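The values are calculated or read from the model by the stated rules, or taken from the named source; none is laboratory data. Since this is a predicted model, take the numbers as computed values, not measurements. Glycine also receives a Cβ, built like all others from the backbone with ideal geometry; neighbour counts cover every protein chain displayed.
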Amino acid sequence: MMRYALRRFLGAIPTLFVIITLAFFMMRAAPGGPFDSERRLPPEVERNVKAAYNLDKPLAQQYLIYLGKLAQGDLGPSYKNKDFTVTQLIGTGLPVSARLGLTAMALALLLGSFLGICAALRQNKWQDYSVMSVAMLGITIPTFVTAPILTLVFGIYGITLFGHDLSLPVGGWNGGAWRNMILPVIVLALPQTAIVARMMRGSMVEVLRANYIRTARAKGLAVGRIVLSHALRAAALPLVSYLGPALAAILTGSLVVEQIFGLPGIGRYFVQGALNRDYTLVLGVVICYASLIIALNFLADMMVAWLDPRVRLT
Amino acid sequence: MSALLEITDFNVHFALADGDVHAVKNASLTIQEGECLGVVGESGSGKSQLFLAAFGLLAANGRATGSVKYRGEEILGASPERLNTLRGSGVTMIFQDPLTSLTPHLKVGAQITEALMLHRKISRAEAQVRARDMLDYVRIPESARRLRQYPHELSGGMRQRVMIAMATITGPDLIIADEPTTALDVTVQAQILEILRALKNEKQTAIAMVSHDMGVIAGLADRVQVMRHGEIVESGNADEIFYAPKHDYTRLLLAAIPKADETPPPATAIGAPLLAVEELKVSFPVKDKGLFGKTRQLRAVDGISFSLHQGETLGVVGESGCGKSTLARAVLQLLPKSQGRVVWLGRDLDAHADIRKLREEFQIVFQDPLASLDPRMPIGLSIAEPLKALEPHLPRETVRGRARAIMQRVGLDPAWINRYPHELSGGQNQRVGLARAMIVGPKMLVCDEAVSALDVSIQAQIVELIRDLQKETGLALIFISHDLSVVRRLSHRVMVLYLGRVVELAPSAMLYTNPRHPYTRALLSAVLSPDPRAERAKKRELLTGDLPSPLDPRAQLTFLKSRLGEPDYRPKLEQVATGHWVAEHD
């Protein structure tokens with residue numbers, strides 16, 4: 001197992017290297033640069049600025065300088081967000097995104113699995129059909145529709161139930177107060193819940209037809225016990241493979257949700273950095289995302305091996 | 001006193017997309033305490049559904065009507081809670097295919113103790129002790145260690161023993177054994193039946209033995225019921241059914257079982273052999289577990305030599321893992337060999353630049369007929385494909401004509417040319433497999449367990465077809481099977497394999513009447529015959545336990561203990577009579 005982990009870790013290094021190289025040169029292939037703006041800088045000023053950031057050197061040399069700094073753990077300064085290094089920006093943005101994402105994913109997993117199992121146990125009955133149609137809605141309605149609607153209902157109109165004011169803040173991080181997290185988490189979790197429910201229903205229906213479930217029934221076990229100890233682990237397998245990449249995507253932030261709710265997450269840096277040609281910021285975010293994907297896929301594989309003892313990690 | 005189980009006017013319907021299927025029709029049966037009832041029928045006869053439905057294990061689209069009385073209590077339509085207390089406690093079940101019938105991610109111990117803790121309300125520690133005793137009872141060695149293993153870490157025979165342990169541990173009154181030995185090797189089958197016999201005799205457990213094989217139930221059943229198309233067509237004492245069958249279908253089932261005296265006469269070997277295999281070896285690298293696991297060679301085929309003449313059938317028998325399929329594939333160059341020579345018509349196959357051209361001359365038919373066909377290809381195309389690939393210049397019309405002709409020949413309606421494999425039965429699909437192999441007019445055909453997955457009566461038809469094809473075309477056959485009786489029906493000579501080596505090679509008549517090697521004898525004594533009196537009286541030379549691992553270099557010396565000191569020694573073949581070769585043994 002240690003050997004497997006070590007090999008996966010070593011195997012990730014060349015992958016990361018290729019990703020960094022590709023991202024570096026593709027960024028540079030895009031026309032324009034970080035200091036192009038409406039109002040052109042005087043040539044000498046521009047030359048000085050570029051020299052300060054080593055942008056006047058040949059591209060190959062810049063690449064080597066970047067790699068050298070990276071090896072020391074330095075992601076470089078942000079070109080646009082003056083006085084901030086990329087490490088600082090990611091360091092403040094990632095925890096926000098991660099907290100939102102993890103909460104949303106946990107909610108989606110619990111609720112989605114529960115709904116999926118219920119649907120599978122009532123296959124082709126009304127419970128099944130209603131869960132699946134709601135799930136289909138959840139997948140098809142984009143977050144930029146659900147977010148404003150929820151904002152309107154809970155934030156602008158406000159809801160009062162039995163004398164309790166149920167209105168919620170519709171924006172801002174507020175130091176991570178839970179009331180501020182409710183709406184963004186729900187918006188993030190909705191489509192994921194739907195996907196998880198559909199996947200769980202599909203694989204659970206399949207597993208419930210397996211011969212060993214028949215054996216478990218022949219032993220006289222009650223339905224709940226059969227689902228929990230005989231079916232769930234096998235049914236969770238496809239879900240785990242999906243969760244790795246999905247979690248990476250949601251952890252690195254969702255631009256739409258962060259923009260709508262005005263949250264200081266990492267998602268916006270992707271778009272801002274790319275639009276502004278903030279080379280170091282984009283590369284930093286790409287590295288962060290790629291590392292997360294690699295790490296989470298590794299975790300997913302370990303999880304699969306734990307769920308199914310027949311899988312041998314080699 | 002009322003019967004243990006009494007089923008009357010029992011019907012099972014399934015609602016399918018294309019209509020209602022009446023799977024069990026007006027079935028009635030009784031099982032007394034401590035009695036063994038054999039239920040025989042082919043696949044699809046409703047024999048399994050009958051018992052599943054009786055205890056509330058029907059699929060969601062199934063519906064059961066009638067009456068099922070357990071000790072006088074009506075249980076059909078009883079509450080799930082009542083059924084749950086009955087299942088696993090009073091009535092337990094053993095299913096076919098123990099690998100898929102055990103939960104893959106739970107340890108064997110947890111699965112065995114589960115029902116015990118649920119129904120008998122005892123502590124986990126006590127349940128563990130009982131589970132160990134139970135594993136000892138079903139003769140699983142190293143029981144303490146086995147409890148901590150997962151099902152996939154056990155052999156097929158051991159898994160089925162775990163199933164039996166699971167079904168026996170709560171001390172049920174009735175065990176329903178649904179094809180408990182199907183797909184197991186003959187020697188393992190004999191061991192499993194021995195355990196079931198012990199359960200019946202020592203613990204007075206009633207057994208409902210469901211099987212398609214008359215031989216399996218012959219030695220165990222007190223009474224027999226024969227099912228066909230959902231109906232019970234004949235029932236009676238075992239002796240009546242076996243020795244004086246009244247219904248035509250029962251007679252047909254009995255006739256389909258290969259008889260002991262059916263052996264084709266030895267073929268006259270004329271001229272040079274078609275195929276000569278010399279010291280063939282195939283090994284696979286196997287990696288040990290752990291950080292510094294070294295790679296060892298698993299010698300699947302470990303030096304096998306034989307020859308085959310035109311029109312001759314060589315039977316190859318042995319248990320799973322003996323290398324018979326690997327041998328077939330290596331001979332046909334479908335697998336790379338490690339050492340040795342395969343000579344085809346006097347020429348070393350290695351010397352041929354393009355082996356693909358030669359494929360026209362030797363073909364193979366595989367075991368699982370459905371899985372071996374492309375599910376998305378109409379059978380006509382599957383049949384014609386080898387011809388199109390090997391003789392691309394043939395005009396379309398000729399190919400189509402020959403496909404139709406060969407379909408006709410193997411007993412398929414040429415009008416089915418556009419049907420898909422899933423629309424055909426197992427026997428029909430195997431006919432497709434045969435047609436696919438025969439369309440190019442091969443000189444040699446390898447049948448790798450070609451009839452093993454088929455019902456007995458279908459098996460007999462396919463064997464007959466193969467024999468006719470051989471008569472017409474002078475085909476040489478290599479017929480691989482774990483079933484000694486089927487091999488006997490067809491083969492001129494028989495080769496017995498044990499862990500990748502030949503232990504005995506002899507003309508059929510000689511091998512079956514005068515087996516010399518202890519392994520051959522054990523195999524033969526494990527063969528079941530549809531003769532209850534003989535089966536009950538039979539003293540078996542049972543091999544104990546499982547096959548040793550082929551990775552163990554000393555495994556080859558199981559029958560030559562005196563040479564155990566030299567682990568690299570390989571038993572030599574000695575000729576004991578003309579054409580009768582036996583490996584050295586103690």
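Below are the figures for this structure:
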read-out	value
Extreme residue, nearest to B:R145 (Cα to Cα), among residues of the range B:112-128 that are of a type in the set (A, V, I, L, M, F, W, C) and either surrounded by 22 or more Cβ atoms within 10 Å (Cβ to Cβ) or away from chain A (no Cβ under 11 Å) (or both)	B:I112
A:M200, sole failed condition from (1) at pLDDT 95 or above; (2) within 11 Å of chain B (Cβ to nearest Cβ)	(2)
Within the range A:203-215, considering residues that are more than 7 Å from every other protein chain (Cβ to nearest Cβ) and in a helix (DSSP H, G or I), the one surrounded by the fewest Cβ atoms within 10 Å (Cβ to Cβ)	A:E206
In the range A:29-46, the residues that are part of a helix (DSSP H, G or I) and exposed (fewer than 14 other Cβ atoms within 10 Å of the Cβ)	A:A29, A:P43, A:E44, A:V45
Residues of the range A:143-169 classified as surrounded by 11 or more Cβ atoms within 10 Å (Cβ to Cβ) and not β-branched (V, I, T), total	12
Single match in B:V365, B:V432 (criterion: crowded, with 16+ Cβ neighbours inside 10 Å, in the same structural domain as B:H309 (by TED's automatic domain parsing), in contact (Cβ under 8 Å) with a residue 24 or more places away in the chain and in contact with a Cys (Cβ under 8 Å, 6 or more places away or on another chain))	B:V365
Residue match in the range B:439-453 (condition: buried (at least 23 other Cβ atoms within 10 Å of the Cβ), touching a strand residue (DSSP E or B) at 6+ places or on another chain (Cβ under 7 Å) and assigned to a helix (DSSP H, G or I))	no
Residue in the range A:224-235 that is away from chain B (no Cβ under 14 Å), buried (at least 19 other Cβ atoms within 10 Å of the Cβ) and either touching a helix residue (DSSP H, G or I) at 6+ places or on another chain (Cβ under 7 Å) or without any contact (Cβ under 8 Å) to a residue 40 or more places away in the chain (or both) present	no
Hits in the range A:171-185 - residues which are over 18 Å from A:L94 (Cα atoms) and either touching an Asp or Glu at 6+ places or on another chain (Cβ under 8 Å) or without any contact (Cβ under 8 Å) to a residue 60 or more places away in the chain (or both)	A:R179, A:I182
Yes/no for A:G158 being of a type outside the set (D, E), touching a strand residue (DSSP E or B) at 6+ places or on another chain (Cβ under 8 Å) and away from chain B (no Cβ under 14 Å)	yes
Evaluation of B:G171 against (1) at positive phi; (2) modelled with pLDDT under 85 (one fails), failing number	(2)
Test: residue in the range A:225-241 that is assigned by TED's automatic domain parsing to the domain that holds A:I141 and closer than 30 Å to A:T151 by Cα	no
Odd one out for B:S143, checked against (1) within 20 Å of the chain's Cα centre (by Cα); (2) more than 14 Å from chain A (Cβ to nearest Cβ)	(1)
Any hit, the range B:175-183, residues being surrounded by fewer than 24 Cβ atoms within 10 Å (Cβ to Cβ) and part of a helix (DSSP H, G or I)	no
Answer residue from the range B:276-303, given it is modelled with pLDDT of 90 or more and of a type in the set (D, E) and is surrounded by the most Cβ atoms within 10 Å (Cβ to Cβ) among those	B:E278
Looking only at the range B:368-407, and only at residues there that are buried (at least 19 other Cβ atoms within 10 Å of the Cβ) and among the polar types (S, T, N, Q), the one that is nearest to B:Q333 (Cα to Cα)	B:S372
Of the criteria (1) away from chain A (no Cβ under 14 Å); (2) over 18 Å from A:K219 (Cα atoms); (3) charged (D, E, K, R), which one B:R161 fails	(2)
Filtered residues of the range B:536-586 (kept if hydroxyl-bearing (S, T, Y), modelled with pLDDT of 70 or more and within 24 Å of the chain's Cα centre (by Cα))	B:S549
Residues of the range B:440-496 classified as of a type in the set (D, E) and within 15 Å of B:Y512 (Cα to Cα), total	1
Matching option when the condition is crowded, with 22+ Cβ neighbours inside 10 Å and either more than 14 Å from every other protein chain (Cβ to nearest Cβ) or modelled with pLDDT under 95 (or both), among A:A106, A:A135	A:A135
Test: residue in the range A:26-38 that is under 24 Å from the mean Cα position of the chain (by Cα), more than 14 Å from chain B (Cβ to nearest Cβ) and free of Cβ contacts under 8 Å to residues at least 40 places away in the same chain	yes
Residue under evaluation A:L168, criteria (1) in contact with a Lys or Arg (Cβ under 7 Å, 6 or more places away or on another chain); (2) in contact (Cβ under 8 Å) with a residue 60 or more places away in the chain, criterion not met	(2)
Residues of the range B:92-105 satisfying the condition of being out of contact with any Pro (no Cβ under 6 Å at 6 or more places or on another chain) and more than 7 Å from chain A (Cβ to nearest Cβ)	B:Q96, B:P98, B:L99
Criterion (closer than 30 Å to A:N180 by Cβ, under 27 Å from the mean Cα position of the chain (by Cα) and exposed (fewer than 15 other Cβ atoms within 10 Å of the Cβ)) met by exactly one of A:G11, A:G73, A:G91, A:G101	A:G91
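Residue by residue, here is whether (1) at the interface with chain A (Cβ under 10 Å from one of its Cβ atoms); (2) crowded, with 24+ Cβ neighbours inside 10 Å; (3) farther than 30 Å from B:Q149 by Cα holds:
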| position | (1), (2), (3) |
| --- | --- |
| B:S45 | no, yes, yes |
| B:A53 | no, yes, yes |
| B:A78 | no, no, yes |
| B:T85 | yes, no, no |
| B:A110 | yes, no, no |
